[in-house]
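**Student:** Just dropping this structure here.
The values are calculated or read from the model by the stated rules, or taken from the named source; none is laboratory data. Keep in mind that this is a model prediction, so the values were computed, not measured. Here the Cβ is made from the backbone with ideal geometry for all residues, glycine too, and neighbour counts use every protein chain on show. Ligands, DNA and RNA are excluded from the accessible area calculation, which covers all protein heavy atoms including side chains. Shrake-Rupley method; radii C 1.70, N 1.55, O 1.52, S 1.80 Å.
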Amino acid sequence: MLAVILLVVKYGRGFLSNIAVLIGIIAGTGLSFALGKADFAKVASAKAFAIVTMRQVMIVVMIGSLGMFLALGEAGPGW
């Protein structure tokens, strides 16, 4: 659905162009559902909240944020 994303970025304005990737994901999911390729059985049987998964996600986010803040600190004026 790269074509959908590129079209939304090129012809969309404002908020619409900011969510181009989300629109591409929705279009791709809709197409795969229409073609019978989407299977949501595992999603339906999954737990609503998993502590272990959320912890791993937060560790990745914190590491990414740390790298960004360190890079910004190096690029800053150095007060």
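**Student:** What is the packing order of peptides 20-29, 39-48, taking the mean over residues of other C-beta atoms within 10 Å and listing the highest first? Mind showing how you got there, number by number?
**Tutor:** Details: 20-29: 15.0, 39-48: 7.8.
Descending mean neighbour count gives 20-29, 39-48.
**Student:** Got a sec? Charge dipole of the chain, +1 on Cβ for Lys and Arg, -1 for Asp and Glu; which of 70, 26, 57 is way out at the positive end?
**Tutor:** About the Cα centre, the residue reaching furthest to the positive side is 26.
**Student:** With helices defined as uninterrupted DSSP H runs, which ones in the chain have an alpha carbon span along their own long axis of at least 15 Å and mean Kyte-Doolittle hydropathy of at least 1.0? Write down the numbers at each step before the final one.
**Tutor:** Details: long enough: 20-34 (21 Å, 2.05); 51-75 (36 Å, 1.66).
Result, helices passing both filters: 20-34, 51-75.
**Student:** Still on this structure: Any idea what Rg and Dmax come out to for the chain if you just take the C-alpha atoms, in Å?
**Tutor:** Cα radius of gyration and Dmax of the chain are 18.9, 59 Å respectively.
**Student:** Please give the charge dipole size of the chain, origin at the Cα centre, charges +1 on K and R Cβ atoms and -1 on D and E Cβ atoms. Round to the nearest 20 debye.
**Tutor:** Result for the chain is approximately 220 debye, rounded to the nearest 20.
**Student:** Moving to a separate point now. Over the range 21-79, with the other protein chains present, what is the accessible area per residue in square angstrom, probe 1.4 angstrom? Mind dumping the intermediate values first?
**Tutor:** On the way: 5290 Å² over 59 residues.
Averaged over the residues of the range 21-79, the accessible area is 90 Å².
**Student:** Another question, if that's okay. Share of the chain's accessible area from carbon and sulfur, percent, 1.4 Å? If you can, show how the numbers build up before the last one.
**Tutor:** Working: 5060 of 6940 Å².
Carbon with sulfur: 73 percent of the solvent-accessible area.
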